[in-house]
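Down below is the structure, laid out as structure tokens.
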Amino acid sequence: MDATTAPSTRAVALEVLLSGPLPRSEIARRLDMSAGSLTRLAKPLVDSGLLVEVDTNGGPESGTLRRTRPLDVNPTAHHFIGAKVTGDDVHAVLTTMRAEVVASSRRPLTGRDPASVVATVNELTQELTPRHAQVSGLGVSLGGRVVDHTTVTDAPFLRWTTAVPLGSLLQDAFDGCVTVDNDLLALTRAQHWFGAARGHDRFAVVAIGEGVGYGLVMHDTVVDIPDVGAGLLGHHPLDPMGPLCPRGHRGCATAMLSVASIRSAVSVGLRRPVTYDECLDLAAGGDPVATAVVTASGRALGRLLAAVANFTLVQKIVVTGEAVRLAEAARPAMDEGIRADRVPDAAPVDVDVRHNNFAHWARGAAATVIQSYVLGHAPTPARRPRTAAANPGAGAARVASG
């Protein structure tokens, strides 16, 4: 959709994108408009191929049936590219309009300077762009602070300490919508519209890996401020007797939950270097050193999730990231940590454990540009459908991929 598309027309497309297929009467009811207005607004979307009529009963077509066939988004009418930039490489995906991954690729960075990052993203964009399909948007995400979905003011993994107009640099070589986002915010947007938290108007995302990331949705709106990229939750105190983080905080989330911290603690105890997965495997096998470290980290994770739920009053938390396996390996300790810091009569916390890889982070970047394309501007609050949210027992963890 171009910049001239009316907001009411975008609202129709958004409703169908998030909830389709839907009968025209249901779309009109949800958007509080007349049947005539809905028909008028939907016509250009159908004519352009963005929306299609679908047959849900398999019966013969008739003039009446055709008018009552539900509308759905044609997910392949437009494609989008999402790219996740790390300190070493760029992971990119090609998605449909519903953020379904069609293809993926990665390339190492030749340098961490802005020109090298832009060149690598452009190479991946050209590689993933299909010959006979339209790519309508490019979304890029990275760890750091981003302003106005275009300017990176700080990116520690790339060692950027001054403002970089990354969106403008990318736009020079791409004829379409371009967005730049903090990687955790992008992942949160993907969960909000297309993932585990779809239909929830308030939830949190906690990512554990090289650091600790945090995304929040309140009143159906992603809390989007530059400080999201500052890693504030990573220094929340969890254990007064815990190890030190690089900033000198004792027992904070980074010191207790990051890959480097867990590896370091087990390596010191065993007097040999170990990988993160080896730490968890050793704990599962009963090794006393690894068990002690993993149990303490699992309980700290539970306390962190309880703090997030206590302060924000969300009942659903998506836990993800490269170190998410901790939530499984130390599940009893994690559940204990949640219970310890929640009052017994509080509502249960739905902890949804999601395994992912860099392609999922890149998909988050694609979700950001999909939002921008559909809404006609940088992602902002948007009306979304509501569905009932399941709430399993306190501390219960559901494990899934995606």
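The values are calculated or read from the model by the stated rules, or taken from the named source; none is laboratory data. What you are looking at is a predicted structure, and each value in this text was computed from that prediction instead of being measured. Virtual Cβ from ideal backbone geometry, glycine too; neighbours counted across all protein chains shown. To get the accessible areas, we keep the full protein, side chains included, count just its heavy atoms, and leave off ligands, DNA and RNA. Shrake-Rupley method; radii C 1.70, N 1.55, O 1.52, S 1.80 Å.
Details
- Of the strands (runs of 3 or more DSSP E) lying entirely inside the stretch 99-196, those containing at least 1 residues that are open to solvent by less than 10 Å² (accessible area, probe 1.4 Å) and in contact with a Gly (Cβ under 8 Å, 6 or more places away or on another chain) are 135-142, 151-154, 177-182.
- Residue in the stretch 312-330 that is over 30 Å from residue 101 (Cα atoms) and assigned to a helix (DSSP H, G or I) present: yes
- Beta carbons closer than 9 Å, at least 6 apart along the sequence or on distinct chains, pair a first residue in the stretch 292-312 that is open to solvent by 10 Å² or more (accessible area, probe 1.4 Å) with a second that is basic (Lys, Arg) for 310/342; 312/202.
- Within the stretch 1-24, the set of residues being farther than 20 Å from residue 137 by Cα, surrounded by fewer than 16 Cβ atoms within 10 Å (Cβ to Cβ) and touching a residue at least 40 places away in the same chain (Cβ under 8 Å) comprises 23 only.
- The residue that is most open to solvent (accessible area, probe 1.4 Å), among those in the stretch 219-244 that are of a type in the set (A, V, I, L, M) and out of contact with any Leu (no Cβ under 9 Å at 6 or more places or on another chain), is 241.
- Among the conditions (1) touching a strand residue (DSSP E or B) at 6+ places or on another chain (Cβ under 7 Å); (2) of a type in the set (Ser, Thr, Tyr); (3) open to solvent by 10 Å² or more (accessible area, probe 1.4 Å); (4) outside any helix (DSSP H, G or I), the only one that residue 254 does not satisfy is (4).
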